[in-house]
Amino acid sequence: MMLRTKIVCLFHTSKIPLESLRPSTEMILFIPRASGDGNQRVNLALTTTYDSALDIIYETIGCDEVNRKPTLLYKLVSATAKTPATSFGSDNDWEGFQDDIKAAQNKRKETVAANIIVADQVRVYSLISKIHIFTFITSI
């Protein structure tokens, strides 16, 4: 009795490059600057540790030499406007952030970006706008 073997060759025929089908190994962070001149785009490896990420974020913001560091939050760029920002205050938060990035990348098959939000800055701008409104109302 003779056994027959079947050889199957698979060819990639799609116009999509194979590299784009693999999950990305990096993430993009948009980090605000204390100088107020927009956000800085920073690429980080998904394997970046929490402490290393904080060092990079604080240096980019411009508060790396300040004793009292601002509270940080993050929000994926692909999130809806109603989605609240998430805390960035511990190793567990960092691991959750990495999981969110990986899940979004697996879904979208591309590198995912996140906005880093300085919570203290949000509060300051909120207070400033309230002061301006109050000043405007009392000057009428």
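What follows is calculated from the coordinates using simple rules that are stated; it is not laboratory data. Fair warning: this is a prediction, and the values are worked out from it, not measured in the lab. Reconstructed Cβ throughout: ideal geometry from the backbone, glycine too, with neighbour counts over all protein chains shown.
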Among 84, 62, 52 the positive-end extreme of the charge dipole of region 33-100 (Cβ point charges): 84
Under the Karplus curve 6.51 cos²θ - 1.76 cosθ + 1.60, θ = phi - 60°, whole-Hz ³J(HN,Hα) for region 28-37, x wherever Gly or Pro sits: 10, 10, 9, 10, x, 10, 5, 5, x, 8
Rg from C-alpha atoms of region 18-114, normalised by the globular rule of thumb 2.2 N^0.38 Å, equals 1.10
Additional length obtainable on full extension of the chain from residue 65 to residue 39, 0.36 nm per residue less Cα span: 7.4 nm
